[in-house]
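Working notes for the structure below.
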Amino acid sequence: MERPFIFINSAMSADGKISTKERKQVKISGKIDFNRMDQLRAGSDAIMVGIGTVLADDPSLTVKSPELQDNRIKAGLDTNPVRIIVDSTARTPCDADIFKKGEGKRIIIVSESAPVERVAELQEQADIIVSGKEKVDLPEAMRELKKRGINRLMVEGGATLNWGMLSNGLIDEIYTFVGNLIIGGKSSPTFVDGDGFPEKELLKLELMDAEKIEDGILLKWKVPGK
Ligand SMILES: NC(=O)c1ccc[n+]([C@@H]2O[C@H](COP(=O)([O-])OP(=O)(O)OC[C@H]3O[C@@H](n4cnc5c(N)ncnc54)[C@H](O)[C@@H]3O)[C@@H](O)[C@H]2O)c1
Ligand SMILES: Nc1nc(=O)c(N)c(NC[C@H](O)[C@H](O)[C@H](O)COP(=O)(O)O)[nH]1
């Protein structure tokens, strides 16, 4: 394949929201689901998020379990997978937790429209991939990641990046934990935002598995290839 195997892992409320209307992070997953997410991180070559998630949540995207970190080191890998931000206009703050916490490589994917000075600043802390004119050309960027040795890529949202990846046919599998709460609000981000598919082109999924975890349910979906 020209691009990595790519999956999305996400947690949503029972009404399909992934954060509040103020874009504030909500603890949807319990301990078991966070541990499962940590295992997925540890087993991936890279973890990717959109700049909206960095600005809202400031995630570190590190592997948390010392045992999983040790296993990676024993396998000759960095403690953490490569951490990637899709950031068309290079808005990533230089003091983001992704830079401050944990060892390992970082990649920022920007577009040609990103201000040169900002790109230069970020270049001191991360590798830069330039792709697309106004916004990142996701298919091209994914091919570039594959060339850089990334074979298994975990996408951790948010809503806009999920749409960009799904609408470009770049996702192989989706894992959604549906938690026992309602967030509500028509402007709260949902699992997939963006423009939405035209009525005749809705994306059909194949259910691979459904598992009750604590007070929620983990759904595993396969996105059939064209
Ligand atoms: N519950 C969860 O599992 C979970 C996970 C991650 C994020 N979140 C939530 O999601 C929200 C952030 O989502 P969001 O939609 O605002 O931002 P996002 O993280 O999806 O980032 C969107 C940004 O990605 C960039 N981008 C560049 N090229 C793109 C392209 N071709 N297609 C799509 N995006 C492109 C754009 O700059 C865009 O603004 C936050 O509130 C966060 O808490 C929840
Ligand atoms: N799986 C999951 N369950 C949740 O209940 C929740 N709120 C998130 N949200 C994802 C979001 O991107 C978080 O910001 C990162 O999970 C934080 O990652 P760090 O701990 O900083 O490494 N993800």
If you go through 65, 29, 113, 60, the only one that is out of contact with any Asp or Glu (no Cβ under 6 Å at 6 or more places or on another chain) and touching a residue at least 12 places away in the same chain (Cβ under 8 Å) is 29
Taking region 10-28 and the residues there that are more than 10 Å from ligand 1 (Cβ to nearest atom) and of a type outside the set (A, V, I, L, M), the one that is nearest to the chain's Cα centre (by Cα) would be 16
Those residues of region 167-222 that are surrounded by 10 or more Cβ atoms within 10 Å (Cβ to Cβ), part of a loop (DSSP other than H, G, I, E, B) and in contact with a Phe, Trp or Tyr (Cβ under 9 Å, 6 or more places away or on another chain) come to a total of 8
For region 29-58 the number of residues that are touching a Lys or Arg at 6+ places or on another chain (Cβ under 9 Å), within 11 Å of ligand 1 (Cβ to nearest atom) and in a loop (DSSP other than H, G, I, E, B) is 1
Just one listed residue, out of 17, 74, is open to solvent by 50 Å² or more (accessible area, probe 1.4 Å) and not acidic (Asp, Glu), and it is 74
Taking region 165-216 and keeping residues hydrophobic (A, V, I, L, M, F, W, C) and under 15 Å from the mean Cα position of the chain (by Cα) leaves 165, 166, 170, 171, 174, 177, 191, 192
Of the residues in region 77-100, those that are in a loop (DSSP other than H, G, I, E, B) and within 19 Å of residue 39 (Cβ to Cβ) come to 77, 78, 79, 80, 81
Exactly one of 156, 144 is over 15 Å from the mean Cα position of the chain (by Cα) and open to solvent by 30 Å² or more (accessible area, probe 1.4 Å), and that one is 144
Note: among 161, 181, 166, 145, just one is more than 28 Å from residue 21 (Cα to Cα) and touching a residue at least 40 places away in the same chain (Cβ under 8 Å), namely 145
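The values are calculated or read from the model by the stated rules, or taken from the named source; none is laboratory data. Small disclaimer: the values here were computed from a predicted structure and weren't measured. Using ideal geometry, Cβ is built from the backbone for each residue, glycine included, and neighbour counts are taken over all protein chains shown. Surface areas here come from the heavy atoms of the whole protein model, side chains and all, with no ligands, DNA or RNA. Shrake-Rupley method; radii C 1.70, N 1.55, O 1.52, S 1.80 Å.
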